[in-house]
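To start, the structure under review is shown below, and the notes come after it.
The values are calculated or read from the model by the stated rules, or taken from the named source; none is laboratory data. Note that the coordinates shown come from a computational prediction; the quantities given were computed from them, not determined experimentally. Because the Cβ atoms are built from the backbone with ideal geometry, glycine has one as well, and the counts that use them run over all protein chains shown. Just so you know, the surface numbers come from the protein's heavy atoms only, side chains and all, with ligands and any DNA or RNA stripped out. Shrake-Rupley method; radii C 1.70, N 1.55, O 1.52, S 1.80 Å.
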Amino acid sequence: MSDQLTLSAETREKAGKGASRALRREGRIPAVIYGDKKDPQPIHVAERDLQKLLDTGYMMNSLVEVTIGKDSVRTLPKDVSLHPVTDRPVHADFLRLAKGATVEVSVPVVFINQEESPGLKRGGVLNVVRHEIDLVCDAARIPDQIEFDVTGLEVGDSIHISAVKLPEGSESAITDRDYTIAGVVAPSALKKADGEDGDEEEGEEGEDGAPEAPETEITNQKSENAEGEDSED
């Protein structure tokens, strides 16, 4: 399961663009905690602390315990807005989680036992359709990643979500179709070679067959002309 991260915060007394700009000049990032049928709680956090969590690469699918003074709130990050030029965080949203709550998260996927795939051994390529899958799971049991075993996959085979055993307490957020996660496809060089072979075969057939039709046609025309000349005589 994903590690629970921690983040210290302070209550934000003033709202508005001016107040937010002032906070950023001081190295603080305005944020808000909302959800669980409670009023939104404006806060601000240290930019360096928020950036440190972002740099882990898994902040957005991990629980974050936000401490405000003596209180702590269990949250799930929902959005971190970045500056369009500098990519520095400018605002963050955190979803307050009730005990036993379920959440929808995007979890990264990894593919194991690639050396056990005959298709990959023969030069096939693993074509990844989805690098993340959307899951609905217990907020306290968010998986770090989902593993997909490619053992035995041949060229042309694919992995669908229905073939994967998800962790206990997790289920696919998409339930209306059995979507594809990845597949083993032939490398482009092999496809090109197959295409060239096909073109050559077609060309050879054309060379053998092309002269025959005109020759037969000319012979028929000569025969008709000869018959016509004979009849006129």
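Quick one: is K121 on the phi > 0 side of the Ramachandran plot, open to solvent by 80 Å² or more (accessible area, probe 1.4 Å) and charged (D, E, K, R)? Criteria not met by K121. Would you confirm whether or not segment 93-100 contains a residue that is under 23 Å from the mean Cα position of the chain (by Cα) and either loosely packed, with under 13 Cβ neighbours inside 10 Å or at pLDDT below 95 (or both)? No. Checking the stated criteria, V66 turns out not to satisfy the condition of being open to solvent by 20 Å² or more (accessible area, probe 1.4 Å) and in contact with a Phe, Trp or Tyr (Cβ under 8 Å, 6 or more places away or on another chain). Among all residue pairs at least 6 apart or on different chains, which show Cβ distances below 6 Å where the first residue, located in segment 40-56, is at pLDDT 95 or above and in a strand (DSSP E or B) and the second is open to solvent by 20 Å² or more (accessible area, probe 1.4 Å) and basic (K, R)? Every condition considered, the pairs that remain are P42/R12; I43/R12; H44/R12; H44/R28.
Would you check which residues across segment 4-39 are touching an Asp or Glu at 6+ places or on another chain (Cβ under 8 Å) and part of a loop (DSSP other than H, G, I, E, B) and list them? Q4, G27, listed by residue number. Looking only at residues in segment 151-184 that are among the polar types (S, T, N, Q) and outside any strand (DSSP E or B), the one that is nearest to G123 (Cα to Cα) is T151.
Within segment 104-124, residues that are within 30 Å of C137 (Cα to Cα) reach partners that are of a type in the set (S, T, N, Q) and part of a helix (DSSP H, G or I) with beta carbons closer than 6 Å, at six or more positions or on different chains, in the pairs V105/N61; V107/N61. Within segment 130-153, the set of residues being at positive phi and buried (at least 19 other Cβ atoms within 10 Å of the Cβ) is empty.
The set of residues in segment 155-165 that are modelled with pLDDT of 90 or more and surrounded by 13 or more Cβ atoms within 10 Å (Cβ to Cβ) comprises V155, D157, S158, I159, H160, I161. Regarding V32, is this residue under 30 Å from V107 (Cβ atoms), open to solvent by less than 60 Å² (accessible area, probe 1.4 Å) and in contact (Cβ under 8 Å) with a residue 60 or more places away in the chain? Yes: the conditions hold for V32. When V73, V103, V90 are checked against the criterion of being hydrophobic (A, V, I, L, M, F, W, C) and farther than 23 Å from D144 by Cα, V90 stands alone in meeting it.
Can you find a residue in segment 74-88 that is charged (D, E, K, R), open to solvent by 70 Å² or more (accessible area, probe 1.4 Å) and touching a residue at least 24 places away in the same chain (Cβ under 8 Å)? Within segment 74-88, one or more residues are charged (D, E, K, R), open to solvent by 70 Å² or more (accessible area, probe 1.4 Å) and touching a residue at least 24 places away in the same chain (Cβ under 8 Å).
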